[in-house]
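The values are calculated or read from the model by the stated rules, or taken from the named source; none is laboratory data. Because the structure is a prediction, the values reported are computed rather than measured. Positions of Cβ are backbone-derived with ideal geometry, glycine not excepted, and every protein chain shown enters the neighbour counts.
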């Protein structure tokens, strides 16, 4: 006869009683371990990062369910935190206040039983540990979206603290408020990094709501208590702490958003066999110096996993390099390599040997994802041009030199390709930068710039950044309504943006339509032809807008190496216009905006016609595959001339987006039911279509 509910509850009570007994038995052993540690080495850290990682890894493998493995990790993190506090009280200083992502990283690593000391600058975190007021300090070092935290790197130059460990924390930004209603939001507060990381979402969903920078995401949440019309971009923890409701979860533009934090200590971390060592060094200013400096790592069989440079604060034009290599400094081969490197450099400091943070792919496995497919950013699924990769070989020898500020070779190659003068070509850190240069050069407060309502979001951002007015014209049949754009021109109009093919719809305007536009736009309005995807276009009616530049018309053509050439990570784009327009842009262009690696790679990629042809073929085949698959699911996509499709998901697009994300498929939710998906490799397209079908059938 099956048991009734009361019998199961009695069974749970018996198990809970046994768990309490075992926890106390475990705690007694932990206390004894602490006593032995102190007797053996009074100066050693009681916290042993390697041992904790081993315990959690072993128990996770031992778990056969149904209790979730992630819950095992959370429970044992707290058990070990409580055990550590029994061995000896522990204090952890961190970049506060409470409920920031730094606080969340601390909780992930140390649990809730240690004493946390929030301070308000990275310098203060270092100081708390240096003065012995905290056992450990936790500071951010880099973010996958925002890059390196330079202040943290700079602090190591004069500090004798060691890196004891690192933490990888996923950054998920939520829009929070007291009411939880988006229509109540009149102002958004957050840290500048959080605002930048949610920029596209905010421009799409709350374009007219002002964004205010505050000291931290937690402070933004706190302000909502007394400001009912304010919303905050902050963590879920901040919302819980201040009693706020979630308006929208996960509004960050890059869903692969992680921050790496360093754990600081006066004492070294024990060797575990899974360590890495961080070094800080400077090199002599001579040809090949960096190559000679790093060669000992290779000769001793050490894998260098990272190198980062910073200008030295000690001497002008001197650079400090931060290097990570696999292995512990106590290993003989690591020590030999370090000594050899030390003999070749001006200055070296060992920052510490420690267990690396959990890599992103391991976090993906914890979520049950064996593979993550990114179809959100319109990147080339084939990757970079092979010729571009080959051109980068050996380029590290000159990384200590500034790039050619005039980019003579690349500009000449582009001029030859498009049959214009070299002085008609400008390079940018991506074509995005040139959009910013256009706004800063030709717009003043009160001026107007015309653009479509559903187009590349950067146009509106750059226009409003200089306090000019974006004049937004609705699309007609998902494409630019050029006649209405002409009618929107006023004496205050300075720029007219035309994204062709358009992002996010993928549609194009024809040569005849553009001819009519150019015949009716006043000569003093600069027409900006943004052609990031033009290499993918198959339609013979696509306009040759370079002809307007050659005729001396007031136009600029923007193109990029980020899409079909596959160099998105190097950030290199270009513009072609009249010599007069380019001359004005160069007056506000930073002198070294195109880095040396990007110039080399772009120059080689420009001559790789085979890679371009192959990329086009993969895109055309993938486009047909995706269109057919969406039709089979009863969905109509907008005909596209780019490398992506824009389609109606037949239900709430954010729900579909979130469900796909849980399956390891990253797409772009634009608004309502509309989703944009990049054309991937054939197997990626199949995986997307299968996941989408599962979501539409009710799967999560």
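Name the residues in the stretch 134-181 that are surrounded by fewer than 18 Cβ atoms within 10 Å (Cβ to Cβ) and assigned to a loop (DSSP other than H, G, I, E, B), would you?
Those that are surrounded by fewer than 18 Cβ atoms within 10 Å (Cβ to Cβ) and assigned to a loop (DSSP other than H, G, I, E, B): 144, 145, 146, 157, 158, 159, 160, 172, 179, 180, 181.
Among the helices (runs of 4 or more DSSP H) lying completely within the stretch 376-449, list those that include at least 1 residues that are closer than 27 Å to residue 526 by Cβ and touching a residue at least 24 places away in the same chain (Cβ under 8 Å).
Values: elements: 386-392, 408-418, 431-442.
Helices (runs of 4 or more DSSP H) meeting the threshold: 408-418, 431-442.
For the stretch 220-236, enumerate the residues that are outside any loop (DSSP other than H, G, I, E, B) and farther than 17 Å from residue 197 by Cβ.
Our first condition is that a residue be outside any loop (DSSP other than H, G, I, E, B); within the stretch 220-236, this holds for 220-223, 230-234, 236.
Listed by number, the residues that qualify are 222, 223, 230.
Answer yes or no: is there a residue in the stretch 419-427 that is within 22 Å of the chain's Cα centre (by Cα) and crowded, with 20+ Cβ neighbours inside 10 Å.
So the first thing to find is which residues in the stretch 419-427 are within 22 Å of the chain's Cα centre (by Cα), and the list is none.
No - not one qualifying residue is present in the stretch 419-427.
Pairs, please: C-beta under 7 Å, at least 6 apart or cross-chain, first residue at pLDDT 95 or above and in the stretch 472-483, second in a helix (DSSP H, G or I)?
Matching pairs, first to second residue: 473/484; 473/485; 482/513; 482/516; 482/517.
Can you pull out every residue in the stretch 270-308 that is at pLDDT 85 or above, part of a loop (DSSP other than H, G, I, E, B) and touching a helix residue (DSSP H, G or I) at 6+ places or on another chain (Cβ under 6 Å)?
Passing the criteria: 300, 302.
Do the conditions hold for residue 191, that is, is it within 26 Å of residue 571 (Cβ to Cβ), in contact with a helix residue (DSSP H, G or I) (Cβ under 8 Å, 6 or more places away or on another chain) and assigned by TED's automatic domain parsing to the domain that holds residue 247?
Details: within 26 Å of residue 571 (Cβ to Cβ): yes; in contact with a helix residue (DSSP H, G or I) (Cβ under 8 Å, 6 or more places away or on another chain): yes; assigned by TED's automatic domain parsing to the domain that holds residue 247: yes.
Yes, satisfied.
Among the residues of the stretch 433-460, which ones are exposed (fewer than 15 other Cβ atoms within 10 Å of the Cβ) and in contact with a strand residue (DSSP E or B) (Cβ under 8 Å, 6 or more places away or on another chain)?
Answer for the stretch 433-460, where residues must be exposed (fewer than 15 other Cβ atoms within 10 Å of the Cβ) and in contact with a strand residue (DSSP E or B) (Cβ under 8 Å, 6 or more places away or on another chain): 446, 453.
For the condition assigned to a helix (DSSP H, G or I), crowded, with 22+ Cβ neighbours inside 10 Å and without any contact (Cβ under 8 Å) to a residue 40 or more places away in the chain, what is the one hit in 463, 486? Before the answer, list the steps.
On the way: 486 fails: crowded, with 22+ Cβ neighbours inside 10 Å.
None of the other options fit; the residue is 463.
Given the residues 547, 532, which is the only one that is assigned by TED's automatic domain parsing to the domain that holds residue 433 and in a helix (DSSP H, G or I)? Step through it out loud before you land on a result.
Values: 532 fails: in a helix (DSSP H, G or I).
Answer to the selection: 547.
Filter the stretch 526-553 for residues that are farther than 27 Å from residue 381 by Cβ and crowded, with 19+ Cβ neighbours inside 10 Å and give the result.
Across the stretch 526-553, the qualifying residues are 526, 527, 528, 543, 545, 548, 549.
Examine the stretch 575-584 for a residue that is surrounded by fewer than 16 Cβ atoms within 10 Å (Cβ to Cβ) and closer than 25 Å to residue 679 by Cα, and state whether such a residue exists.
No, because not a single residue in the stretch 575-584 is surrounded by fewer than 16 Cβ atoms within 10 Å (Cβ to Cβ) and closer than 25 Å to residue 679 by Cα.
What's the total number of residues in the stretch 582-614 that are in contact with a strand residue (DSSP E or B) (Cβ under 6 Å, 6 or more places away or on another chain) and part of a helix (DSSP H, G or I)?
2
Considering the stretch 446-462 alone, what residues qualify as being closer than 17 Å to residue 492 by Cα and more than 24 Å from the chain's Cα centre (by Cα)?
Of everything in the stretch 446-462, those that are closer than 17 Å to residue 492 by Cα and more than 24 Å from the chain's Cα centre (by Cα) turn out to be 446, 447, 448, 449, 450, 451.
Residue-by-condition table, conditions (1) within 30 Å of residue 272 (Cα to Cα); (2) modelled with pLDDT of 90 or more; (3) surrounded by 17 or more Cβ atoms within 10 Å (Cβ to Cβ):
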| site | (1), (2), (3) |
| --- | --- |
| 331 | yes, yes, yes |
| 357 | yes, no, yes |
| 363 | yes, no, no |
| 366 | yes, no, no |
| 379 | no, yes, yes |
| 383 | no, yes, no |
| 391 | no, no, yes |
| 401 | no, no, no |
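Given the conditions (1) closer than 28 Å to residue 456 by Cα; (2) more than 20 Å from the chain's Cα centre (by Cα); (3) assigned to a helix (DSSP H, G or I), which single one is not true for residue 195?
The number of the failed condition is (2).
Hey, among 602, 568, 594, 598, which residue is assigned by TED's automatic domain parsing to the domain that holds residue 434, surrounded by fewer than 23 Cβ atoms within 10 Å (Cβ to Cβ), closer than 21 Å to residue 426 by Cβ and within 23 Å of the chain's Cα centre (by Cα)? Walk me through it before giving the result.
Numbers: 602 fails: surrounded by fewer than 23 Cβ atoms within 10 Å (Cβ to Cβ); 594 fails: surrounded by fewer than 23 Cβ atoms within 10 Å (Cβ to Cβ); 598 fails: surrounded by fewer than 23 Cβ atoms within 10 Å (Cβ to Cβ).
Selected residue: 568, the only one of 602, 568, 594, 598 that is assigned by TED's automatic domain parsing to the domain that holds residue 434, surrounded by fewer than 23 Cβ atoms within 10 Å (Cβ to Cβ), closer than 21 Å to residue 426 by Cβ and within 23 Å of the chain's Cα centre (by Cα).
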